[in-house]
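A.B. asks: Got a structure for you, written out below as structure tokens; questions coming shortly.
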Amino acid sequence: MPYSGYEDYFDRKLIISVATTGGHQGKEANPNLPTQPVEVAQDVAACEEAGASIVHLHARDERGEKTKSVARYQELRDEIDEHCDDIIVNFTTGGGGIYPREERIAPVLETDPGPEMATVDLGPINFGQTRTAENTREQSEEYAERMREAGVKPELELFNPGHIPEAEHLIDEGLLAEPYWATVIFGMQNGMPPGPHNLKAFVDNLPDPVEWQCLAVGKHQLPMTTAAITMGGHVRVGMEDNVYYRKGELAESNAQLVRRTARIADELERPVASPAEAREMLGI
């Protein structure tokens with residue numbers, strides 16, 4: 001059944017996710033982008049105070065390079081547990097076209113405690129001239145099944161509407177628990193182009209019951225996430241997706257981006273969900 005949640009817009013609390021670091025740009029793009037575990041955890045604590053209820057995590061090594069080291073993810077998780085109160089921890093399984101399938105999911109399954117949530121990329125996406133993250137159906141089934149066994153909530157990452165049938169397939173196979181948690185992504189290289197009409201078309205076709213959030217890269221982050229707030233959706237912000245606060249002005253921190261989102265939500269009469277409220281909404 002397609003999504004039908006617009007009518008209760010004023011009753012829906014807003015879940016704010018923050019993606020602090022990512023696996024692409026580093027301090028060369030913005031010196032304020034955190035890469036080391038303590039640095040990330042301190043930033044996440046400020047984001048939680050500003051209104052974020054979920055943190056989406058990529059690990060970096062001592063040199064700031066991307067890594068799938070389970071030990072490094074464990075450091076990251078331990079520091080967040082030390083610095084933060086109750087934020088929901090979400091590990092990426094991204095890295096297609098770079099890391100083998102098992103390495104991508106290993107931090108989700110082998111850290112203790114593990115994350116409460118982890119991503120499942122539902123289809124191919126291009127990066128640059130030569131890299132494609134394939135993200136096959138077989139991989140999605142495996143990741144969803146192993147997450148279910150581990151008690152981890154899948155976050156379905158959809159780069160364009162053609163990935164919606166892949167979500168429906170996982171539902172048909174009994175691999176996802178209601179409500180489904182979906183991220184609709186805009187502005188990637190061969191993903192969905194940004195725009196309010198495309199956002200509505202994308203969301204209209206999501207399988208119900210679903211809670212969805214909007215992710216948009218670069219200059220599209222602010223207008224697209226604001227549009228999502230007005231539609232009763234949730235949002236992801238942070239320097240993984242956008243290193244600027246406004247044109248020509250680098251973001252001072254991830255918390256600065258979260259604070260702006262919470263301020264806009266308040267003006268639009270969308271109360272911001274606490275981590276505990278987000279868990280209840282998402283069935284965690």
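The values are calculated or read from the model by the stated rules, or taken from the named source; none is laboratory data. None of the values given here were measured: they were computed from a predicted structure. Cβ atoms come from the backbone with ideal geometry, glycine included; neighbour counts cover every protein chain shown. Side chains included, ligands, DNA and RNA excluded: accessible areas come from the protein's heavy atoms. Shrake-Rupley method; radii C 1.70, N 1.55, O 1.52, S 1.80 Å.
A.B. asks: Using the Karplus curve 6.51 cos²θ - 1.76 cosθ + 1.60 with θ = phi - 60°, work out ³J(HN,Hα) for each residue of region 134-141 in order, rounded to whole Hz, and write x for Gly and Pro.
C.D. replies: Couplings: 6, 6, 6, 4, 4, 5, 4, 4 Hz.
A.B. asks: Collect residues whose amide H, placed 1.01 Å from N in the peptide plane, falls under 5 Å from the amide H of residue 59; neighbours closer than 5 in sequence don't count.
C.D. replies: 67
A.B. asks: Once every DSSP H run of n ≥ 4 in the chain is given -39500 (n - 2.57) and the sum is divided by its residues, what mean residue ellipticity at 222 nm do you get, rounded to the nearest 500 deg cm²/dmol?
C.D. replies: So the helix-based figure for the chain works out to -11000 deg cm²/dmol.
A.B. asks: Additional query: Could you sort the peptides 62-72, 207-217 by per-residue average Cβ neighbour count (10 Å cutoff), highest mean leading?
C.D. replies: 207-217, 62-72
A.B. asks: Here's a follow-up. List the lysines whose Cα sits under 28 Å from the Cα of residue 219, skipping any in the same chain fewer than 8 residues away.
C.D. replies: Reachable lysines: 13, 27, 66, 200, 247.
A.B. asks: Using R₀ = 22 Å, calculate the FRET efficiency as 1/(1 + (r/R₀)^6) where r is the Cβ-Cβ separation of residue 150 and residue 69; round to 0.05.
C.D. replies: My answer for the efficiency is 0.70.
A.B. asks: Hey, another quick one. Relative contact order for the chain: what is it in percent, counting Cα pairs under 8 Å that are at least 6 residues apart?
C.D. replies: Contact order relative to length: 25 percent.
A.B. asks: Report the semi-axes of the equivalent ellipsoid for region 35-143 in whole Å, largest first, where each axis is √(5λ) for an eigenvalue λ of the Cα gyration tensor.
C.D. replies: Rounded to whole Å, the semi-axes are 25, 15, 13.
A.B. asks: Once amide H atoms are placed 1.01 Å from N in the peptide plane, what residues at a sequence separation of 5 or more from residue 155, or on another chain, have their amide H within under 5 Å of its amide H?
C.D. replies: 118, 119, 120
A.B. asks: Using a 1.4 Å probe over the heavy atoms of the protein chains, calculate the carbon and sulfur portion of the accessible area of region 6-282 as a whole percent.
C.D. replies: Of all accessible area on region 6-282, carbon and sulfur atoms account for 48 percent.
A.B. asks: Principal axis lengths of the chain from Cα atoms, whole Å, largest first?
C.D. replies: 46, 43, 39
A.B. asks: Could you give each residue of region 169-183 its phi-based ³J(HN,Hα) in whole Hz, using Karplus coefficients 6.51, -1.76, 1.60 with θ = phi - 60°, and x for Gly or Pro?
C.D. replies: Listing the rounded values in order: 5, 4, 5, 4, 7, x, 9, 10, 9, 6, x, 6, 10, 10, 10 Hz.
A.B. asks: Along region 266-281, what does the Karplus equation 6.51 cos²θ - 1.76 cosθ + 1.60 (θ = phi - 60°) give for ³J(HN,Hα), rounded to whole Hz, x for Gly and Pro?
C.D. replies: Whole-Hz 3J(HN,Hα) from phi for region 266-281: 4, 5, 8, 6, 10, x, 8, 6, 6, x, 5, 5, 5, 4, 5, 5.
A.B. asks: Could I ask something else about it? Under 14 Å Cα to Cα from residue 68, which aspartates and glutamates show up? Leave out anything in the same chain fewer than 8 places away.
C.D. replies: Correct list for residue 68: 102, 103, 110.
A.B. asks: Further, regarding this structure: Would you rank 219, 247 by solvent-accessible area, highest first, keeping every protein chain in place and using a 1.4 Å probe?
C.D. replies: From most accessible down to least: 247, 219.
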